[in-house]
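J.: Here it is: the structure, laid out below.
The values are calculated or read from the model by the stated rules, or taken from the named source; none is laboratory data. As the structure is a prediction and not an experimental result, all values here were calculated from the model. Note that each Cβ is placed from the backbone with ideal geometry, even for glycine, and that neighbours are counted across all protein chains shown. The accessibility values were calculated without ligands, DNA or RNA, using every heavy atom of the protein model including side chains. Shrake-Rupley method; radii C 1.70, N 1.55, O 1.52, S 1.80 Å.
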Amino acid sequence: MKEFPRVTKIQVRCASAILTLIGVFYTWEALQLPMGKPIGSGSGSTPAMIGAAWSVIGAYVTVRVPEIILGEDGEGLWPNAEGTRRIVMVLALCAGFILAMNYFGIIATSVVFLFIMAVAFGGGLFQALLTSVLLSAALWLVFVHLLQVRLPMGTLVSTLFGG
Amino acid sequence: MMGGFAIALQPVNILAALVGALVGTATGVLPGLGVLGAMAVLMPLTFYLAPVSGLIMLSGIYYGAMYGGSTTAILLKIPGETGSVVTTLDGYEFARKGRAGPALMICAVGSCIAGTVSIVGMSFFMPALANLALKFSSPEFCALAILGIITLVRITSPNLGQNMLMVLLGAGLATVGVDAVVGSTRFTFGTESLALGFDLVPIALGLYGVSELLNVAQSSTGFPKAQSVALREMIPTREEWSRAWPAILRGSGIGFLMGLLPGPGSLTSTFASYGVEKAIARKHKSEFGKGAIEGFAGPEAANNAVATSALIPVLSLGIPFTPNVALLLGALMIQGIQPGPLLLSQHPDIVWGLLASMYVGNVALLILNLPLVSMWVRLLRVPQHILIGGIFVISIIGVYSVRSSAWDLIVLFLFGIVGFVLRRLKFDLAPIILGLVIGPVFEKAFRETIFLSRGDLTIFFRRPISASLLVITVLIIVLPALYKLYRRRRMRGYESTV
Amino acid sequence: MRHIAASTVLGFAMAVTVGTAQAEDYPTKPVTLIVNYPAGGGSDAIARSFGKALEKELGQPVPVENVAGGSATRGVTAVVTAPADGYTIGIATNSPLTFAAHTVEGLPWGSPDTYDLIAGIGSLYNVLAVQPDASYTNLEELVAYAKKHPGELRVATVGGGLNQYLWDQFTASVGIETQIVPYSGDADGLAAFLGGNTELVELTWSGTKPHIDAGKAKPIALFGPERLDNYPNIPTFKELGYDITTTSDYVIYAPKGIPAEIRGKIQSAVGDAVKNDADLRKALVNRGIVINYVTGEELKPRFVEMYENVGQAKKKGN
């Protein structure tokens, strides 16, 4: 396995700086909102207080970065190349799930998603197929029938079958 | 009370309690899908039951969900309910040591003890405590929110500056969308998505659940493995018990008191209990964050105690302070019973029946869950490649089901990535949740106070409770600094005499 | 397998014959009822009782979908943007439809012309109450007191929506000055009032009623068209000379452009459910709602008027 690169102080400083900039922007937006009458009661008053503190503390944290002590769960280390590749794949799959859900319905999408995930993480083809179908069926049963949750059934499915 | 038990112990009511506890546990285990949804869906069912049976079933769901949420928090570091975010801190680490079974059992017993403490407290003090909630008004909440942030911000990491930044980030996120006081929108840039705001469920599940899944996906170690599911391995050792039960009792007390007050008691009580346990710990202080028993036994008990004592304001005043108890109130109203100051004198059978039935629901939950512990632990034996995909799908469906919104799914994954990166950079995530929950409480209370006092800020110091809360806050900030200064002086003095 | 094949063929056949045949057979599949509040609130409970009653009338399941958020406007958006085939209808109160339409940005709907009001099922009245030990015991004395002490009386109510609108209308018409303390709901407002933090409370009848019964709040007058049957002693603002009768109306609405025949079927099903379904009526009455079935056609002028009034008030406020 490849080495995990360490998180540097400069990276933490950059992250703090980004958060601070968001805070400054937030404060600016808050100041455009009404402060209310009596003053302090409007929509902008509390956000302005939050934003001011956010910007000041953000600046302080950006200047004074604490020492980075490695945590047990990989805190203080970046994932290696292989890990990053897997994360990107997982996120892409999830994005695909959300996009496909409305067209193909939640069930078909779950089956495909679970199958790809299972294969990607080292499951056998047949086992992956079996578990993805069974798990999707179980989810359907629990959420839609038992708990009566309304889930997208897919526009494609409903145009084909008239609902 | 005896009459209450006579009603609660009828077979149909025991059955209702068991069904409720089972459904509740199931919804608690499924992340995203909250107790509120389950209770709302099953409510029409209760129309066909007698009032008491219906209430028993609903309170069974309520308890079950509170307990069920901790199961996934301990096993998979995924909070099944927002109230179990704190449980992920130490419960998961404890499970990683191979003690998942005992952790679950401690939670099951702890939940039951907390429920018992709360119900006993309730039956003795209900009339007296009812008015406590009325003593707390906007200025007091404002002071309490500040005190809460100041005391809880260092709870999991010592970096005060970074933690404050995270709290403010959370509080800032909470202001996006609809302004609850005047009903207009803000920070939306004209988009409908931002008008929806950042809901607590997708953010909590993203920061904790999804970021952990990404962590598992990139590493090769994965979730904790269950070595054995034999019953012997499920039972906590004598030493584990002796550490757990004082924490459970303290957590019950904290939860009981916090449930009496309006506000997000279920989540804040867990933070408060964790803070107390960490503060008073002596021998095991270094274990916090690495699997301290007190770190999850206390918060879990607090969570369940809140679930019970939150009913006091409803039953005695008719005023529900949380959505969950508002639902119970709704169930009562549909049955034609109007909770309020007169309920106890007009319908004592309902009140005592409810109390007794809550007790029955509590015990039913314990009986139901002890055998289930080994089943839950077996969950860890499911092959990793099925588990990861499965949890993703359940989280997506769960979050979507809350308000049928694709925006919440975007928030879920956005905060999954943010949480993953921030954790790597050694930022603490718990303060974000804290800010997200306490921020709105502060804002609402602050603005109401301004309206009440017509813009006069001295109101905070003219009211005894809010003034004392603020004095405590100042002392908490100033005393440690003074103490440090004093020690430095003494050291210098010592050096000069040498 | 044969079953699936058969239903596939049937499905295609149905997809082809969509159109004229659909109106006659309506409904052939479940009708979704969208409620603009999350599961668990008062409106949700009413929606679920109503869904159960409508199910009996239509002979098809009526699942309730909670599309909450955005000051209760998101549910309206979901209804308005749904296909106008009668299989998606919504239940809401007049408050998001006429108030939030002005305050929430980026909505694809607005005036009552942009959706189709089908029917109103009932109303929730608001009540004005004072502390039981107050020196004023009726509206006349209260107004006199407020004129002598401008800005002194604080009223606990809910900000932004109907509650505040009613109070603003009243104070403007009588020419008194009070301090509104906007809370986020009945619960908070009542707690503040009962804790002695405000002198007045103006909230829904159903929320305030138990405290009136217990003697912790003294009712002054109702915002409603007529007195309540069970409480004939409480006068209405209208009788006392202030013509403010707006109530919180529960309405059934749909996207614009539903075929007339289907619209008629929904309307009569709603009417039958509201007039005859004992369970629904019980649920509504227990929630403090005055049942009053009106058709969308009768309702619309009231909505238009309210929508325009609020728009003008907002313009003046800015």
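J.: Which order do B:Met39, A:Met89 take by accessible area at a 1.4 Å probe, largest first? Can you show the working numbers first?
T.: Values: B:Met39 0, A:Met89 65 Å².
In descending accessible area the options line up as A:Met89, B:Met39.
J.: Find how much the distance from C:Glu105 to C:Tyr231 grows on full extension, using 0.36 nm per residue of separation minus their present alpha carbon separation; answer in nm with one decimal. Before the final figure, lay out each step's value.
T.: Details: separation 126, 0.36 × 126 = 45.36 nm, distance 4.10 nm.
Gain on extension, C:Glu105 to C:Tyr231, equals 41.3 nm.
J.: Provide a whole-number value for the mean count of partner chain Cβ atoms within 10 Å of the Cβ atoms in peptide C:210-220.
T.: Working: counts 10, 6, 1, 6, 8, 2, 3, 0, 0, 0, 0.
The per-residue average across the peptide is 3.
J.: Which helices, counted as full DSSP H runs in chain B, have an axial Cα extent of no less than 24 Å and a Kyte-Doolittle average of -1.0 or above? Spell out each step's value before the answer.
T.: On the way: long enough: B:11-29 (27 Å, 1.69); B:51-76 (38 Å, 1.12); B:100-130 (41 Å, 1.71); B:238-259 (31 Å, -0.10); B:348-378 (45 Å, 1.30); B:384-403 (30 Å, 1.54); B:406-424 (28 Å, 1.73); B:430-453 (34 Å, 1.20); B:464-497 (46 Å, 0.52).
Span-like helices here: B:11-29, B:51-76, B:100-130, B:238-259, B:348-378, B:384-403, B:406-424, B:430-453, B:464-497.
J.: By a straight-distance test (C-alpha under 12 Å), which aspartates and glutamates pair with B:Lys290 as possible cross-link partners, with residues fewer than eight away in the same chain excluded?
T.: Hits, sequence-local ones excluded: A:Glu72, A:Asp73, B:Asp90, B:Glu93.
J.: 222 nm [θ] for chain C, helices only, -39500 (n - 2.57) per DSSP H run of 4+, per residue, to 500? Write out the running numbers ahead of the final one.
T.: Details: 11 runs with 134 residues, N = 318.
Result for chain C, helices only: -13000 deg cm²/dmol.
J.: Classify segment A:81-161 from the C-alpha gyration tensor, please: rounded if a/c falls under 1.5, else prolate or oblate depending on whether a/b exceeds b/c.
T.: On the way: a/c = 2.17, a/b = 1.55, b/c = 1.40.
Because a/c hits 1.5 or more and a/b exceeds b/c, segment A:81-161 counts as prolate.
J.: So, one more: Quick check: pseudo-label points 7 Å beyond the Cα along Cα→Cβ at B:Arg488 and B:Lys97, how many nm apart are they?
T.: 3.8
J.: Compute the orientation-averaged projected area for the protein assembly as shown from the convex hull of its Cα atoms and round it to one decimal in nm². Walk me through the numbers on the way to the answer.
T.: Working: hull surface 170.2 nm².
It is 42.5 nm².
J.: Return the average number of partner chain Cβ atoms within 10 angstrom of each residue Cβ along peptide C:146-157.
T.: Partner-chain Cβ atoms within 10 Å, mean over residues of C:146-157: 1.
J.: Calculate the FRET efficiency for C:Gln60 and B:Ile417 from the Cβ-Cβ distance with a Förster distance of 51 Å, rounded to the nearest 0.05. Walk me through the intermediate numbers first.
T.: Details: r = 43 Å, r/R0 = 0.84.
With a Förster radius of 51 Å, E is 0.75.
J.: Which entries in A:Lys9/B:Lys283; B:Lys444/C:Lys314; C:Lys148/C:Lys314; B:Lys97/B:Lys278; A:Lys37/C:Lys238 show an alpha-carbon gap greater than 25 Å?
T.: A:Lys9/B:Lys283; C:Lys148/C:Lys314; A:Lys37/C:Lys238
J.: Further question: For segment B:288-416, what is the convex hull volume of the alpha-carbon atoms per residue, in Å³?
T.: Working: hull volume 23.1 nm³, N = 129.
Looking at segment B:288-416, the number lands at 179 Å³ per residue.
J.: Please list C:Thr204, A:Thr8, A:Thr46 from largest to smallest accessible area, probe radius 1.4 Å, with all protein chains kept in place. Walk me through the intermediate numbers first.
T.: Working: C:Thr204 20, A:Thr8 65, A:Thr46 0 Å².
Listed by decreasing accessible area, they come as A:Thr8, C:Thr204, A:Thr46.
J.: Rounded to the nearest 10 Å², what accessible area does B:Trp376 have for a 1.4 Å probe in the complete protein model?
T.: Looks like 30 Å² after rounding.
J.: Tell me the label-point distance for the pair B:Phe124, C:Lys148, using the 7 Å Cα-to-Cβ offset, in nm and rounded to one decimal.
T.: Roughly 4.9 nm, to one decimal.
J.: Going by Cα centres, segment A:11-31 and segment B:187-208 are how many Å apart?
T.: Cα centroid to Cα centroid, the span is 18 Å.
J.: With a 1.4 Å probe, how much accessible area is buried between chains B and C, both sides summed, in Å² to the nearest hundred? Before the final figure, lay out the partial values.
T.: Numbers: alone 21710 and 15020 Å², together 32780 Å².
For B against C, buried area totals roughly 4000 Å².
J.: Continuing with this model, one more query. Leaving ligands and nucleic acids out of the surface, order A:Asp73, C:Asp279 by accessible area at 1.4 Å, largest first.
T.: Numbers: A:Asp73 25, C:Asp279 95 Å².
If we order A:Asp73, C:Asp279 from most to least accessible, we get C:Asp279, A:Asp73.
J.: Then there's this: For segment C:126-223, what is the convex hull volume of its Cα atoms per residue in Å³?
T.: Values: hull volume 8.2 nm³, N = 98.
Taking the convex hull of the Cα positions in segment C:126-223, it is 83 Å³ per residue.
J.: Can you tell me the FRET efficiency between A:Leu70 and B:Leu15 if r is taken as the Cβ-Cβ distance and R0 is 51 Å, rounded to the nearest 0.05? Intermediate values should be presented prior to the final figure.
T.: On the way: r = 53 Å, r/R0 = 1.04.
The calculated FRET efficiency here is 0.45.
J.: Same structure again: For C:Leu153, which sequence-distant residues (separation of 5 or more, or a different chain) have an amide H within less than 5 Å of its own amide H, given hydrogens modelled in the peptide plane?
T.: Sorted by chain and number, the residues that satisfy this are C:Gln179.
J.: Ranked from highest to lowest mean number of other Cβ atoms within 10 Å per residue, what is the order of the peptides C:304-316, C:167-179, B:271-283? Mind showing how you got there, number by number?
T.: Details: C:304-316: 14.2, C:167-179: 16.2, B:271-283: 19.2.
My ranking of the peptides, most packed first, is B:271-283, C:167-179, C:304-316.
J.: Given the rule -39500 (n - 2.57) for each run of at least 4 DSSP H residues, summed and divided by the residues of chain B, what is its mean residue ellipticity at 222 nm, to the nearest 500 deg cm²/dmol?
T.: Values: 25 runs with 371 residues, N = 498.
Mean residue ellipticity, 222 nm, calculated: -24500 deg cm²/dmol.
J.: Related question: Taking a ≥ b ≥ c as the square roots of the Cα gyration tensor eigenvalues, with a/c under 1.5 meaning rounded and otherwise prolate when a/b beats b/c, else oblate, which class fits segment B:375-460? Before the final figure, lay out the partial values.
T.: Values: a/c = 2.92, a/b = 2.36, b/c = 1.24.
Cα axes put segment B:375-460 in the prolate bin.
J.: Among all the lysines, which ones have a C-alpha under 30 Å from C:Lys265's C-alpha, if same-chain residues fewer than 8 places away are not counted?
T.: C:Lys29, C:Lys52, C:Lys56, C:Lys256, C:Lys275, C:Lys282, C:Lys300
J.: Under the rule a/c < 1.5 gives rounded, and otherwise a/b versus b/c splits prolate from oblate, where does chain C land using the Cα gyration tensor? Working shown, then result.
T.: Values: a/c = 2.54, a/b = 2.10, b/c = 1.21.
It is prolate, given that a/c is not under 1.5 and a/b is the larger ratio.
J.: Just need log10 I(q)/I(0) for segment A:15-163 at q = 0.13, 0.21 Å⁻¹, Debye formula, equal scatterers on the alpha-carbon atoms, no solvent, rounded to two decimals.
T.: Scattering profile of segment A:15-163, log10 relative to I(0): -0.88, -1.20.
J.: Just the Cα atoms of segment A:9-63: what Rg and Dmax do they give in Å?
T.: 13.1, 45
J.: Can you send over the carbon and sulfur percentage of the accessible area for segment C:126-223, probe radius 1.4 Å, protein chains only?
T.: Numbers: 1410 of 3140 Å².
In segment C:126-223, the share of accessible area belonging to carbon and sulfur is 45 percent.
J.: What number comes out for accessible area per residue over the protein assembly as shown if the probe is 1.4 Å? Units Å², please.
T.: Numbers: 38440 Å² over 979 residues.
Accessible area per residue: 39 Å².
J.: While we're here: Among the aspartates and glutamates, which have Cα under 13 Å from the Cα of C:Lys315 when same-chain residues fewer than 8 positions away are ignored?
T.: Partners within reach: none.
J.: Counting only helical runs of four or more DSSP H residues, what would the 222 nm mean residue ellipticity of chain A come to if each run contributes -39,500 (n - 2.57) and the total is spread over all its residues? Numbers along the way, then the final one.
T.: Working: 5 runs with 105 residues, N = 163.
Mean residue ellipticity at 222 nm (helix-derived): -22500 deg cm²/dmol.
J.: Counting only residues 5 or more places away or on other chains, whose amide H sits under 5 Å from the amide H of C:Lys238 once H atoms are built in the peptide plane?
T.: Residues meeting the criterion, in which the H sits 1.01 Å from N, are C:Gly224, C:Ile244.
J.: Could the peptides B:69-81, B:146-158, B:382-394, C:130-142 be put in order, highest first, of the mean number of other beta-carbon atoms found within 10 Å of their residues?
T.: B:69-81, B:382-394, B:146-158, C:130-142
J.: So what's the projected area for segment B:2-462, the Cα convex hull averaged over all directions, in nm²? Write down the numbers at each step before the final one.
T.: Values: hull surface 88.8 nm².
Average projection, Cα convex hull of segment B:2-462: 22.2 nm².
J.: Place a point 7 Å from the Cα of C:Lys282 along the Cα-to-Cβ direction; which residues of segment B:314-353 have their backbone N under 12 Å from it?
T.: B:334-337
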